[in-house]
């Protein structure tokens, strides 16, 4: 089934229910559906070919949501572009996918006016705008295009920002699998309210159709402050939201975080691991509502999940849960043999959630999709109860003095120190050890950095993980580098360490 059908069926069931709220504006299912259908007809008027690419580069608002749904309804392929990324990167992604339509803002129009693409502005009225298209095609409906399950619904980019981009082709079947799994995992139902504060271009998009399919309301916010997010959780009757761990950490530091959250059922964290101690703290503040999922752009969002009730178990707090109902997860050794409980290897994923490949990169696809498995590049193990534990990216594993050191084993120990707000562990070349374990630490506000505190943190960590895993040194940062969706940028830390070492060498 095509993903847009979940929304279209919901419209017939709850036409008067509120589908979306944003900044004081709201639209019912019926009103939103009418605009989506008209805009979809307009997009087909600009380019009638099914499967052509439409890039959207906008903030979180109702115009973005309307355009997003219209792309699906028009039988086209969505190419999400995050507006805060470098303009050259945005233009490269749009050109690489050969987008025929680009929906963006006036400010980004110059960067995204690529050859062969028609630019439509998400703001304003008149010719060349979304509102203009809707007005010009009033009363029209899009031509329905039946497409197979392997037809591409989205091309989402993953990996670094230099060199040739890596566009993940997410098929209809992956989206449908995600929708059904999300509904079942979180018990979504009519009247639920989903807070969409993280960018639609990223993980938040995987919650939109599950919420709309079940008669819920999307509460859109664009780049909300920590205070605004907290206020929404308290006063906007939010039942479910998806947040990166860094946002949860910041929420826990807010003076007004204590209180009642009577409607909240699920705060789902993702885009990176969360320290077990902070999970317990979040549970004590928000209640038994903290949950998690694991996936990749190549297998979106929910290959595994751990419910709020399961995450109350102390022995499972470092886990990302068990494989979901339509997805298979295993751990393989370097020769492709399946490993047993507790044995560390590469995490692999199979099932309809998995991508069909990388856009225009068959060589990379062949290396990633092998023998029916998506090779994730993540290291981890599965315990006897079927819970998956991630130990980090294979490229991030540190071999120091012949011992394998996994950052996921060290970072929670550092994060347990009362002076530490955030941290990252990474390896650097070392003449004696091959690689040396290093740590970047962001302190709790008001804490003074210094050699004495560094020694105290290292001693604290050594008592918990032993000398081999203990970092050789600590570098204090005002903020540990993370990207726009909260993922650690360890390549930045490695480069910074090398630059510091070079400066020190030049000064001696």
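The values are calculated or read from the model by the stated rules, or taken from the named source; none is laboratory data. Note that the structure is predicted; figures quoted are calculated from it, not measured. Cβ placement follows ideal geometry from the backbone for every residue including glycine, while neighbour counts extend to all protein chains displayed.
Assigned to a helix (DSSP H, G or I), at pLDDT 95 or above, in contact with a strand residue (DSSP E or B) (Cβ under 9 Å, 6 or more places away or on another chain) and not assigned by TED's automatic domain parsing to the domain that holds residue 309: does that describe residue 218?
Values: assigned to a helix (DSSP H, G or I): no; at pLDDT 95 or above: yes; in contact with a strand residue (DSSP E or B) (Cβ under 9 Å, 6 or more places away or on another chain): yes; not assigned by TED's automatic domain parsing to the domain that holds residue 309: yes.
For residue 218, the condition - assigned to a helix (DSSP H, G or I), at pLDDT 95 or above, in contact with a strand residue (DSSP E or B) (Cβ under 9 Å, 6 or more places away or on another chain) and not assigned by TED's automatic domain parsing to the domain that holds residue 309 - is not met.
Please go through region 479-508 and pick out each residue that is farther than 30 Å from residue 296 by Cβ and modelled with pLDDT under 80. Talk me through it step by step, then tell me what you get.
Our first condition is that a residue be farther than 30 Å from residue 296 by Cβ; within region 479-508, this holds for 499-508.
Within region 479-508, 504, 505, 506, 507, 508 meet the criteria.
Taking residue 109, is it under 17 Å from residue 156 (Cα atoms), within 27 Å of the chain's Cα centre (by Cα) and surrounded by fewer than 16 Cβ atoms within 10 Å (Cβ to Cβ)? Give the steps one after another, and end with the answer.
Details: under 17 Å from residue 156 (Cα atoms): no; within 27 Å of the chain's Cα centre (by Cα): yes; surrounded by fewer than 16 Cβ atoms within 10 Å (Cβ to Cβ): yes.
No, not satisfied.
For region 489-508: of the residues being outside any helix (DSSP H, G or I) and farther than 18 Å from residue 199 by Cβ, which is nearest to the chain's Cα centre (by Cα)?
At the first step, the residues of region 489-508 found to be outside any helix (DSSP H, G or I) are 489, 507-508.
Subset that is farther than 18 Å from residue 199 by Cβ: 507-508.
Numbers: 507: 42, 508: 44 Å.
Ranking the qualifying residues of region 489-508, first place goes to 507.
Report, by residue number, each residue of region 212-225 that is more than 26 Å from residue 190 (Cβ to Cβ) and over 18 Å from the mean Cα position of the chain (by Cα).
225
Could you list all residues from region 225-240 that are closer than 15 Å to residue 60 by Cα and modelled with pLDDT under 95?
Filtering region 225-240 down to residues closer than 15 Å to residue 60 by Cα leaves 225, 228-229.
Correct list: 225 only.
Can you tell me which residue within region 62-91, out of those that are out of contact with any helix residue (DSSP H, G or I) (no Cβ under 7 Å at 6 or more places or on another chain) and in a loop (DSSP other than H, G, I, E, B), is nearest to residue 145 (Cα to Cα)?
So, considering only residues that are out of contact with any helix residue (DSSP H, G or I) (no Cβ under 7 Å at 6 or more places or on another chain) and in a loop (DSSP other than H, G, I, E, B), the one nearest to residue 145 (Cα to Cα) is 75.
Identify all residues within region 455-477 that are in a strand (DSSP E or B) and under 15 Å from residue 430 (Cβ atoms); write none if there are none. Let's see the steps before the verdict.
Step one: list which residues in region 455-477 are in a strand (DSSP E or B), which gives 473-477.
473 - this is the single residue of region 455-477 that is in a strand (DSSP E or B) and under 15 Å from residue 430 (Cβ atoms).
Could you name every one of the strands (runs of 3 or more DSSP E) located completely within region 5-61 that has at least 1 residues being under 24 Å from the mean Cα position of the chain (by Cα), in contact (Cβ under 8 Å) with a residue 24 or more places away in the chain and buried (at least 18 other Cβ atoms within 10 Å of the Cβ)?
Working: elements: 18-22, 25-28, 53-56.
The strands (runs of 3 or more DSSP E) meeting that bar are 18-22, 53-56.
Just to check your reading of the model, which residue among 94, 117 is surrounded by 18 or more Cβ atoms within 10 Å (Cβ to Cβ) and closer than 25 Å to residue 150 by Cα?
Details: 117 fails: closer than 25 Å to residue 150 by Cα.
Exactly one residue qualifies, and that residue is 94.
Mind checking which residues of region 233-251 are assigned to a helix (DSSP H, G or I) and surrounded by fewer than 18 Cβ atoms within 10 Å (Cβ to Cβ)? Steps first, please.
Going through region 233-251, the residues assigned to a helix (DSSP H, G or I) turn out to be 233-235, 245-251.
Once the filter is applied, which keeps residues that are assigned to a helix (DSSP H, G or I) and surrounded by fewer than 18 Cβ atoms within 10 Å (Cβ to Cβ), region 233-251 yields 234, 235.
Just need a number here: residues in region 268-284 that are crowded, with 18+ Cβ neighbours inside 10 Å, touching a residue at least 40 places away in the same chain (Cβ under 8 Å) and closer than 19 Å to residue 198 by Cα. Don't jump to the end; show me each part of the working.
Let us first name the residues in region 268-284 that are crowded, with 18+ Cβ neighbours inside 10 Å, namely 268-271, 273-276, 278-279, 282.
Applying the additional criterion that residues be touching a residue at least 40 places away in the same chain (Cβ under 8 Å) yields 268, 270-271, 273, 275-276, 278.
Still in the list and also closer than 19 Å to residue 198 by Cα: 268, 270-271, 273.
Summing the residues that are crowded, with 18+ Cβ neighbours inside 10 Å, touching a residue at least 40 places away in the same chain (Cβ under 8 Å) and closer than 19 Å to residue 198 by Cα in region 268-284 gives 4.
Considering only residues of region 162-179 that are over 21 Å from residue 376 (Cβ atoms) and at pLDDT 95 or above, which is surrounded by the most Cβ atoms within 10 Å (Cβ to Cβ)?
The initial filter retains those residues of region 162-179 that are over 21 Å from residue 376 (Cβ atoms), namely 162, 172, 176, 179.
Adding the requirement that they be at pLDDT 95 or above leaves 172, 176, 179.
Working: 172: 22, 176: 21, 179: 26.
For region 162-179, the residue satisfying everything is 179.
Check region 285-292 and report whether any residue there is modelled with pLDDT of 95 or more, surrounded by fewer than 24 Cβ atoms within 10 Å (Cβ to Cβ) and part of a helix (DSSP H, G or I).
Yes - at least one qualifying residue is present in region 285-292.
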